[in-house]
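S.K.: For reference, the structure I am asking about is given below.
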Amino acid sequence: MKLFSSKVTRLTVVGPLALVYIALHRADYSMAALWFCIALLWAGLVFKQRHK
């Protein structure tokens, strides 16, 4: 899988997911859902940029 080949890509995916984890840990589910959506959109954008 080339998606996770670079450190930058890994950071851009892991960063928002870490925020989701923190929000869930604090039982802030609406914030976790928001960060999860942002993480998915961000990962999608990164993926599209890499496969042009």
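The values are calculated or read from the model by the stated rules, or taken from the named source; none is laboratory data. Quick caveat: nothing in here was measured; it's all calculated off a predicted structure. Here Cβ is always computed from backbone atoms with ideal geometry, including for glycine, and neighbour counts include all displayed protein chains.
S.K.: Restricting attention to the stretch 34-52, which residues are surrounded by fewer than 12 Cβ atoms within 10 Å (Cβ to Cβ) and aliphatic (A, V, I, L, M)?
M.R.: Selection gives Leu41, Leu45.
S.K.: Looking at (1) out of contact with any Pro (no Cβ under 8 Å at 6 or more places or on another chain); (2) assigned to a helix (DSSP H, G or I); (3) not aromatic (Phe, Trp, Tyr), find the lone condition where Ala27 falls short.
M.R.: (2)
S.K.: Taking the condition of being modelled with pLDDT under 75 and out of contact with any Ser or Thr (no Cβ under 8 Å at 6 or more places or on another chain), how many residues in the stretch 29-52 meet it?
M.R.: First pass over the stretch 29-52, keeping only residues modelled with pLDDT under 75: 50-52.
Retained after the next criterion (residues that are out of contact with any Ser or Thr (no Cβ under 8 Å at 6 or more places or on another chain)): 51-52.
Selection size over the stretch 29-52: 2.
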